[in-house]
1. Search the structure for amide H atoms under 5 Å from the amide H of Val94, placed 1.01 Å from N in the peptide plane, and list their residues when 5 or more places away or on another chain.
2. If a/c stays under 1.5 just call it rounded; otherwise compare a/b with b/c (prolate if a/b is bigger, oblate if not). Do that for the stretch 3-76, with a ≥ b ≥ c from the square roots of the Cα gyration tensor eigenvalues.
3. Find out how many positive minus negative residues lie around Gly34, taking Lys and Arg as positive, Asp and Glu as negative, among other residues whose Cβ is under 10 Å from that of Gly34.
4. Would you mind checking which residues have amide H under 5 Å from Thr88's amide H? H placed 1.01 Å from N; only 5 or more apart, or other chain.
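Nothing in this text is a laboratory measurement; each read-out follows from the coordinates by a stated rule. Model, not experiment: these values are computed from the prediction. Every residue, glycine as well, gets a Cβ built from its backbone with ideal geometry; the counts of neighbours run over all protein chains shown.
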Amino acid sequence: SSTPTSYTPRNLAVHPNGTWVYTFSQDPVTNDLGAVEGFDFNTSNGTMTEMSGSPFVDLIANGGAIEQSGQFVFGLGQTVIGTTAPGTVSPYAVDSNAGTLSTWPAGQISSSGFVGIDAAAFAATDTP
């Protein structure tokens, strides 16, 4: 069955544990990016339920990747800086018990991410 979302999903990523799914959103009319949403995926019956704290309004992205250990999500998007909107990559920590997302390290990296990285060409890996 379908699971309703608060935003318009454009991309998704499945956590390596197979039980958490994250959607990355962008409005098809205005192109505005939406908050990342997280869902618990029941592998027994195929249903998804929104996880506690979702949508994660501090993580605005239209794409993303989960690094292989499952400890971090990298949100891809754009951040308006002055009159430009460069591509950004923003790191977020994944709670190992609940799958919820938080800034990483807490309070030290803003949601503006790493400005200047082309979000379309980003991939997460833990090997060189």
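1. Here Phe72, Val73 satisfy the definition.
2. On the way: a/c = 2.01, a/b = 1.34, b/c = 1.50.
Verdict is oblate for the stretch 3-76.
3. With Lys, Arg at +1 and Asp, Glu at -1, the neighbours total -2.
4. The answer is Gly77, Gln78, Thr79, Ala119.
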